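Engineer: Here's a structure for you.
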Amino acid sequence: MIFQLLADRLADIGRAGLTRRRFVRDGAQGPRIRVEGRDYLAFCSNDYLGLANHPRIVEAAVDAAVRHGLGQGASHLLGGHSSVHERLESALARFVRTPRALLFSSGYQANIGAVTALAGPEDAVFSDALNHASLIDGVRLSRAQVTRYPHADLDFLSKALAASTGKAKLIVTDGVFSMDGDIAPLPGLLDLCERHDALLLLDDAHGFGVIGPEGRGSPAHFGVQSPRIVYVGTLGKAAGVSGAFVAGAAEVVETVLQRARTYIYTTAAPAMLAAAVEASLELIRKEEWRRERLRELIGTLRQALRETELGLAPSDTPIQPLILGSNAGAVGASAGLRERGILVPAIRPPTVPEGTARLRISLSAAHSDEDVSRLVAALREACRTGAEAHAYIQAT
C-alpha cells in the first residue's frame, strides 16, 4: 500500500511537469563539461569566477590533506576544529569586515542554524517572499511569529514591523536572489532595522565574491556596514570550494555557535577544504579582472537578447533568468538547448512561483564571448521549439 501511494505521488509530479533528473558529470567543473559521454557548453553552474578547478586552490587542498588528513573525526566543539578552520574564520571575518565568523559545512546548514539560533517562539521573523528554501525552512523551524512580506516591499515590511509584538525582530532576506538575480534593497532594510531595533540576516550566497569592491558582497556593493547585519556567505559558489560561514557582531556569532543545532551536532568539514577556501579568498580579493569579465559578459548577453524577441528579467548579476511561463515550455527549451550541446536548467515551481517557469542562465568569468554568441543563437531556436511543443500539448 505505501509503495503504491509513493508511486501515485511520483506520477502526480510527472503529470505536473515537475520531475527532476540528475545528469552525471565526468571531470572538473568549468564552462565546458562532459556529461554521459558528450561534451557540453555549460551555463548551469554557480562557479561565477571560474575558480572551481583553479590549480592554486587544488594545490592548497592537497597540501592540507597531506598535513592534516581527510576526516576531522568530530564536531567543531568536540575536537574537530583545527588551526586551519580557526585561521579561515579570522580571514573571512576580516574579508567581510565583521568582528567574527563561524564556519558551517553548507549554506543550508548555515541558514537554518543562524535563523533558529537568533529567533524563537517569543520572537518575530520577517521573510522576503522569494527567499531561498533554506531560509524558509529555518524560519519554520524557529517557531517564531512569521510575516512573509511581498518581494522587496519596504512599505509593507515597515508596517508589519511597527505592528509586531515580537520580543526580538529578525528580517531575513537573500542578498542576490538565486532565481531572479536581483539584489535586496539593503540600505532601506537597514534603515528599518534601526527604526525597529531588528537584526538583518542576509543570505549572500550569490553575492559573496561576485559583487562589491574586492567581491566583498552585497553590503560592500551598497557601501553599508552595520552590526545589525548577520552575514551568511557560501563557499561553494563564487569561491569554488564548499561550505559556508556566518559573520557578524561577536554577540551574534557566539549565540549562533552556542545554539545552532546544525553547527553543534555535525562533524566538522575537512581541514583541506578550509585551506582551499583560504587560497580562493586571496584570488577573489586580488583578481578584480574576474568580476570585470563577468560584467562584460552580462552586458553582452543582455544586449544580444534585446535584439531578439527574447527578453531577460532585470538582473545585473551572473544570474540571468529567461522567464517562459509554462513548465512545458521551459523544459522543452532546456531539452532543445541540450540537443544543441548547451546545458541551461529549466527552473519550475515550487522553486519559483506558478506561471514563472524559466531558463536560469548562469554566467562565469571563464566563459568567452564566443560561448555567449553560441548560447544566444541556440536560445532563439530552442525557445521557439519549446513554445511550439507547449502549444501542441495544450491543443491535445
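Engineer: Using the eigenvalues of the Cα gyration tensor, what equivalent ellipsoid semi-axes result for the stretch 120-170 when each is taken as the square root of five times the eigenvalue, whole Å, largest first?
Structural biologist: Value: 16, 16, 5 Å, ordered largest first.
Engineer: Can you give me the C-alpha center-to-center distance between the stretch 5-34 and the stretch 54-110, rounded to a whole angstrom?
Structural biologist: 31
Engineer: Share of the stretch 75-205's accessible area from carbon and sulfur, percent, 1.4 Å?
Structural biologist: Working: 2740 of 5190 Å².
Here carbon and sulfur together make up 53 percent of the probe-accessible area.
Engineer: Would you work out which of 134, 357, 35 lies farthest towards the positive end of the dipole of the chain? Charges go on Cβ: Lys and Arg +1, Asp and Glu -1.
Structural biologist: Towards the positive end, the residue furthest out is 35.
Engineer: List the chymotrypsin sites (Phe, Trp or Tyr not before Pro) within the stretch 198-281 that fall in a DSSP loop (any state other than H, G, I, E or B) and whose Cβ has at most 15 other Cβ atoms within 10 Å.
Structural biologist: 265
Engineer: Tell me the mean residue ellipticity at 222 nm calculated for the chain from its helices only (DSSP H runs of n ≥ 4, each -39500 (n - 2.57), averaged over every residue, nearest 500). Don't skip to the end; give the middle numbers.
Structural biologist: Working: 14 runs with 179 residues, N = 396.
For the chain, the value works out to -14500 deg cm²/dmol.
Engineer: Let me ask another. So what's the convex hull volume per residue for the Cα atoms of the stretch 286-357, in Å³?
Structural biologist: 115
Engineer: Taking the alpha-carbon set of the stretch 100-253, what are its Rg and Dmax in Å?
Structural biologist: Cα-based Rg and Dmax for the stretch 100-253 come out at 14.0, 42 Å.
Engineer: Taking only protein heavy atoms and a 1.4 Å probe, what accessible area per residue, in Å², does the chain have with all protein chains in place?
Structural biologist: For the chain, the per-residue accessible area is 45 Å².
Engineer: Same structure, new question: Quick one: grab Rg to one decimal and Dmax as a whole number for the stretch 7-87, Cα atoms only, in Å.
Structural biologist: When restricted to Cα atoms, the stretch 7-87 yields Rg and Dmax of 19.5, 52 Å.
Engineer: Also: Carbon and sulfur together cover what percent of the accessible area of the stretch 1-52 at a 1.4 Å probe radius?
Structural biologist: Using a 1.4 Å probe with all protein chains present, the stretch 1-52 comes out at 55 percent carbon and sulfur.
Engineer: May I ask you to evaluate 6.51 cos²θ - 1.76 cosθ + 1.60, the Karplus curve with θ = phi - 60°, for each residue of the stretch 275-284 and list the ³J(HN,Hα) values in order in whole Hz, giving x for glycine and proline?
Structural biologist: 5, 5, 5, 3, 5, 5, 4, 5, 5, 4
Engineer: With the full set of protein chains in place, find how many percent of the accessible area of the stretch 240-350 is carbon and sulfur; take the probe as 1.4 Å.
Structural biologist: Working: 2310 of 4470 Å².
Looking at the stretch 240-350 in its full context, I get 52 percent from C and S.
Engineer: Work from the charge dipole of the chain (Cβ charges, +1 for Lys and Arg, -1 for Asp and Glu, about the Cα centre) and give the residue of 314, 377, 163 farthest towards its positive end.
Structural biologist: 377
Engineer: Which value, in debye to the nearest 20, describes the size of the charge dipole of the chain about its Cα centre when Lys and Arg Cβ atoms bear +1, Asp and Glu Cβ atoms bear -1, and nothing else is charged?
Structural biologist: Values: 43 positive and 43 negative charges, 115 e Å.
Computed about the Cα centre, the dipole is about 560 debye.
Engineer: OK, next. What nm distance separates the two modelled labels at residue 370 and residue 282, each placed 7 Å from Cα along Cα→Cβ?
Structural biologist: Result: 3.3 nm between the two label points.
Engineer: Given DSSP loops and a limit of at most 10 other Cβ atoms within 10 Å, what is the longest stretch of the chain that contains no such trypsin sites (Lys or Arg not before Pro)? Could the numbers behind the result be given before it?
Structural biologist: Values: sites that count: 20, 21, 22.
With trypsin sites (Lys or Arg not before Pro) excluded where exposed in loops, the chain gives 23-396 as its longest stretch.
Engineer: Largest first, how would 254, 86 line up by accessible area (1.4 Å probe)? Present the calculation step by step, with values, prior to reporting the outcome.
Structural biologist: Numbers: 254 65, 86 95 Å².
My answer, sorted largest first, is 86, 254.
Engineer: Just name one of 74, 114, 99: the one whose Cα is farthest towards the positive end of the charge dipole of the stretch 52-123 (beta-carbon charges, Lys/Arg +1, Asp/Glu -1).
Structural biologist: Looking along the dipole axis, the top candidate is 99.
Engineer: Additional query: Please report, in whole Å³, the volume per residue of the convex hull around the C-alpha atoms of the stretch 217-316. Intermediate values should be presented prior to the final figure.
Structural biologist: On the way: hull volume 15.3 nm³, N = 100.
Normalising the Cα hull of the stretch 217-316 by residue number yields 153 Å³.
Engineer: Same structure, new question: Per-residue HN-Hα couplings for the stretch 226-234, Karplus 6.51 cos²θ - 1.76 cosθ + 1.60 at θ = phi - 60°, whole Hz, x for Gly and Pro?
Structural biologist: Residue by residue, the stretch 226-234 yields 7, x, 7, 7, 9, 9, 10, x, 9 Hz.
Engineer: Let me ask another. Over the stretch 196-254, what lengths in whole Å, largest first, do the semi-axes of the equivalent ellipsoid take, defined as the square roots of 5 times the eigenvalues of the alpha-carbon gyration tensor?
Structural biologist: Computed over the stretch 196-254, the values are 20, 14, 8 Å.
Engineer: Okay, next question. Gap in Å between the Cα centre of the stretch 240-297 and the Cα centre of the stretch 163-234?
Structural biologist: Each part reduced to its Cα centre gives a spacing of 16 Å.
Engineer: With the Cα gyration tensor of the chain in hand, convert its eigenvalues to equivalent ellipsoid semi-axes via √(5λ) and list them largest first in whole Å.
Structural biologist: Equivalent ellipsoid semi-axes, largest first: 33, 27, 22 Å.
Engineer: While we're looking at this one, here's another question. What does the charge dipole of the stretch 304-372 about its Cα centre add up to, to the nearest 20 debye, if the Cβ of each Lys and Arg holds +1 and the Cβ of each Asp and Glu holds -1?
Structural biologist: Numbers: 6 positive and 8 negative charges, 63 e Å.
Dipole of the stretch 304-372, to the nearest 20 debye: 300 debye.
Engineer: Then there's this: With each pseudo-label sitting 7 Å past Cα toward Cβ, what's the residue 267-residue 34 distance in nm, one decimal?
Structural biologist: Reported label-point gap for residue 267 and residue 34 is 3.0 nm.
Engineer: When N counts the residues of the stretch 151-233, how does its alpha-carbon radius of gyration compare numerically with 2.2 N^0.38 Å, as a ratio?
Structural biologist: Numbers: Rg = 12.6 Å, N = 83, 2.2 N^0.38 = 11.8 Å.
With N residues counted in the stretch 151-233, Rg over 2.2 N^0.38 Å equals 1.06.
Engineer: If you don't mind, there's one more thing I want to ask. Consider just the alpha-carbon atoms of the stretch 68-153 and return their Rg together with their Dmax, both in angstrom.
Structural biologist: Here Rg and the maximum Cα pair distance are 16.0, 48 Å.
Engineer: For 180, 197, give me the order by solvent-accessible area with a 1.4 Å probe, most accessible first, ignoring ligands, DNA and RNA.
Structural biologist: Result of the area sort, largest leading: 197, 180.
The values are calculated or read from the model by the stated rules, or taken from the named source; none is laboratory data. Being a predicted model, the structure only gives us computed values, none of them experimental. Quick reminder, even Gly has a Cβ in these numbers, built from the backbone with ideal geometry, and neighbours come from all protein chains shown. These area figures cover heavy atoms from the full protein model, side chains too; ligands, DNA and RNA do not enter into them. Shrake-Rupley method; radii C 1.70, N 1.55, O 1.52, S 1.80 Å.
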